[in-house]
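*Asks:* One structure is given below, represented as structure tokens, and several questions about it will come after.
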Amino acid sequence: MDRCIVLVDAGYLLGAAASLLAGEPSRSRITVDHAALVQGLREQAESDTERPLLRIYWFDGAPDRVPQPEHRRLRVMPRVTVRLGALTRSDGRWAQKGVDAAMHAELTELARNRACSDVVLVTGDGDLLPGMMAAKEHGVAVHLWAVQAADGDYNQSEDLVAEADERRVLDRTWITKAVRAKELGGVCAPPPVPRPEIAAILSAPLPDTGLAAAADRAPEEGEHTGAAPGSENGAPERIPASKGVPTPKDLAALRAPGAHPDRHPASATLRWSSDKGWVDRPGTVTEPPEVSSMPTLAQLTTAEQRWADREEDITTVGGDPYEVGQVFARRWMERLGDQGHFQKLSGMYPRIPHRIDGELLRYAARFGLLAHKDDQIDEHDRYAIRAGFWREIDVRTAAEHASPAD
């Protein structure tokens, strides 16, 4: 067949790009425009081989082989197939398992079935040498692409280079069309600006109970305890130092033996992690009855809608935390029916009713948004998920109010 296929070892491509642009192979140091990267691979492959593209195979690792948001975005792109191996953690580092074997099997199978005339390999691993030799024996031309190495490094097997029919080095100029380092300086792009919706949630005032608990606590290091100008009878006015959202570790420390009894009561906890501060939850009362009775999305969803939702999740929802919150809120509002719930909900901002909040996070977990060290969603991602939820609520509530006047 007179067509070409591209096999991409994502661990090599993005790890080498991170080394080139950020000085270390950690993919967390770079941001990737996957649509631009796929388009660049396609155009370059068709130019080098002078053959139309059949397909790009994207090989990567994922914890428990669960697709991550980037894999979900990639696999719905035209002419892209994602193959996932396992991603395991050893000695504090993540390592791919099974990716090289999957690439080898795909390469030999494509060559044996004469599915293409040219194969482009984007990899540096010498373990693919037998597969490359087998492909050549079946009459397939093998093009080996490398990522420009950082100074003093060499990031590709010499045996692969010697065996390849053609070779290309993707240089810094080519890479930076779709990949940027996160730090400032040099070729690095500035970090993304935080969404204002997330900042609004972080700066939202505490509930009354949280303020009372904060007022009762003893001064901490960094707090001002002197008399403030204008304070009555010279009484000291305490100005608390800013403090982020407490972590489970913080909670455990406050409950530990010997913890200062005046800092926070032993029963202090976070009602929701979207609360910015401490909430003293008396007894078992957590929410007003009219709020706790709000139906969940699962209760509002028919079997047909559940199927359609899953179809949309698989084919169109990329898995960005903000997007996930929007999709969930859109479905919930469309099926809620009783518009009176929206007024009750708006009075709770930035908190989401406990049952709805839990369902939202469980929905988000489907998209690979778990922090794998403890099977919890990252705190920043939780803020982004909830910010997307509130943004969709605001947009649709505004549309409801505007529709009668139109």
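What follows draws every value from the coordinates through simple rules; no lab data is involved. Treat the numbers as computed from the prediction; the structure is a model and nothing was measured. Please note: Cβ atoms are built from the backbone with ideal geometry, for glycine as well, and neighbour counts cover all protein chains shown.
*Asks:* With labels modelled as points extended 7 Å from the Cα through the Cβ direction, what inter-label distance (nm, one decimal) is found for residue 338 paired with residue 112?
*Replies:* Label at residue 338, label at residue 112, 6.1 nm between them.
*Asks:* If the label point is 7 Å along Cα→Cβ of residue 306, which residues in region 347-365 have backbone nitrogen under 20 Å from it?
*Replies:* Answer for region 347-365: 355-365.
*Asks:* Share of antiparallel DSSP beta bridges in region 4-181, in percent to the nearest 5?
*Replies:* In region 4-181, approximately 20 percent of DSSP beta bridges are antiparallel ones.
*Asks:* Under the Karplus relation 6.51 cos²θ - 1.76 cosθ + 1.60, θ = phi - 60°, what is the ordered set of whole-Hz ³J(HN,Hα) values for region 172-179, x standing for Gly and Pro?
*Replies:* 4, 4, 5, 4, 6, 5, 10, 10
*Asks:* Neighbouring Cβ atoms within 10 Å as the yardstick, rank 320, 127, 151 fewest first.
*Replies:* Ordered by Cβ neighbours within 10 Å, fewest first: 151, 127, 320.
*Asks:* Something else: With a point put 7 Å past each Cα toward its Cβ, work out how far residue 48 is from residue 137 in nm, to one decimal.
*Replies:* 2.4 nm
*Asks:* Once each part is reduced to its C-alpha centroid, what is the distance from region 15-45 to region 115-151 in angstrom?
*Replies:* Rounded to whole Å, the Cα centres lie 19 Å apart.
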